[in-house]
1. Residue 68 - would you say it is crowded, with 16+ Cβ neighbours inside 10 Å, part of a helix (DSSP H, G or I) and modelled with pLDDT of 95 or more?
2. Out of all the residues in the range 22-32, is one or more within 17 Å of the chain's Cα centre (by Cα), closer than 25 Å to residue 94 by Cα and β-branched (Val, Ile, Thr)?
3. Is it the case that the range 86-100 has a residue that's modelled with pLDDT under 95 and small (Gly, Ala, Ser)?
4. Which is farther than 26 Å from residue 160 by Cβ, of a type in the set (Phe, Trp, Tyr) and in contact with a Lys or Arg (Cβ under 7 Å, 6 or more places away or on another chain), of 79, 72?
5. For residue 183, all conditions in the list (1) under 20 Å from the mean Cα position of the chain (by Cα); (2) farther than 27 Å from residue 75 by Cα; (3) among the hydrophobic types (A, V, I, L, M, F, W, C) hold save one; what is the number of the exception?
6. Among the candidates 112, 97, which residue alone is charged (D, E, K, R), surrounded by 14 or more Cβ atoms within 10 Å (Cβ to Cβ), in contact with a helix residue (DSSP H, G or I) (Cβ under 9 Å, 6 or more places away or on another chain) and under 25 Å from residue 41 (Cα atoms)?
7. Check 63, 32, 74 and return the single one that is touching a helix residue (DSSP H, G or I) at 6+ places or on another chain (Cβ under 8 Å), surrounded by fewer than 21 Cβ atoms within 10 Å (Cβ to Cβ) and of a type in the set (Gly, Ala, Ser).
8. Return the residues of the range 76-91 that are in contact (Cβ under 8 Å) with a residue 12 or more places away in the chain and more than 17 Å from residue 132 (Cβ to Cβ); say none if nothing qualifies.
Amino acid sequence: MFYPSDFSEQVNLGDAILELSMKELTPTHFDSLDEIAGFLSNWGETDWFCIRVVQSLLQKYPSQTLELLRKWNSAKSLWKRRASVVAFVRKIGESCDFTSDALELCNNLIWDKEDYVRKGVGWALKDNMRSAKRRALDYVKSLRRKGVSSVITLYAIRDLKGKEREEVLKISARLILNLRLFITTRLA
C-alpha cells in the first residue's frame, strides 16, 4: 500500500517492511512482488528492490524467480526491464551461479531504447565478468562488433584496465574504419 503513493518516504517505509518480511516471502508472493515492481519509478528504488529482495529470492527459489525475471525482461515498464538484469549484479554476478541466465536476459535488452535499461545491462555484465571473466568479456566484445550502444559496453568494461580494456575499445575503432571504407568504396 506504500508503493503506489509515489512519495519517497512512504516507498522507503514499504521497503523497510518488505525487507523485514524476507524470511516469509515465497513464490506464492510473486504476484504481489510483480505488482510492487509495477510501481517502481526510478533507478534507486529499482536497484534497492533487486539487491535487497529479488537477489535473496533468486538464491532461495531460483527457477521461480528466473521465471518472474523473464516476464519482467519483456515488460512495458522500463523499471521492470532494468530489474530483470540488475537482479544479477553484485553478489549474484560475482557468484557465477547465474551467468547463463544473466547473459540471456541481458541479450534480450541490448537494443533497448531506454538509457536506464542499457546501464542496467552494462552493470550486470560488469559484475558477471568478475566471476566468469572470459565468457562475459567475449560477450561484450561481440556486442561491440554488433554496434550496440556504447553505454552498455562502457559500463561493462568499467573495471577493466590496460590491455584488456584497450582490446575491447579497439573493436569499435575497427568497426568505424571498416564502415568508412565500405562507404568510400560504394561512393567511388
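The values are calculated or read from the model by the stated rules, or taken from the named source; none is laboratory data. Since we're looking at a predicted model, the values are computed, not measured. Here the Cβ positions follow ideal geometry from the backbone for every residue, glycine too, while neighbour counts run over all protein chains shown.
1. Working: crowded, with 16+ Cβ neighbours inside 10 Å: yes; part of a helix (DSSP H, G or I): yes; modelled with pLDDT of 95 or more: yes.
Yes: the conditions hold for residue 68.
2. no
3. no
4. Matching residue, one of 79, 72: 72.
5. (1)
6. Only one candidate qualifies: 112.
7. Answer to the selection: 74.
8. Keep residues of the range 76-91 that are in contact (Cβ under 8 Å) with a residue 12 or more places away in the chain, which gives 77-91.
Matches in the range 76-91: 77, 78, 79, 80, 81, 82, 83, 84, 86.
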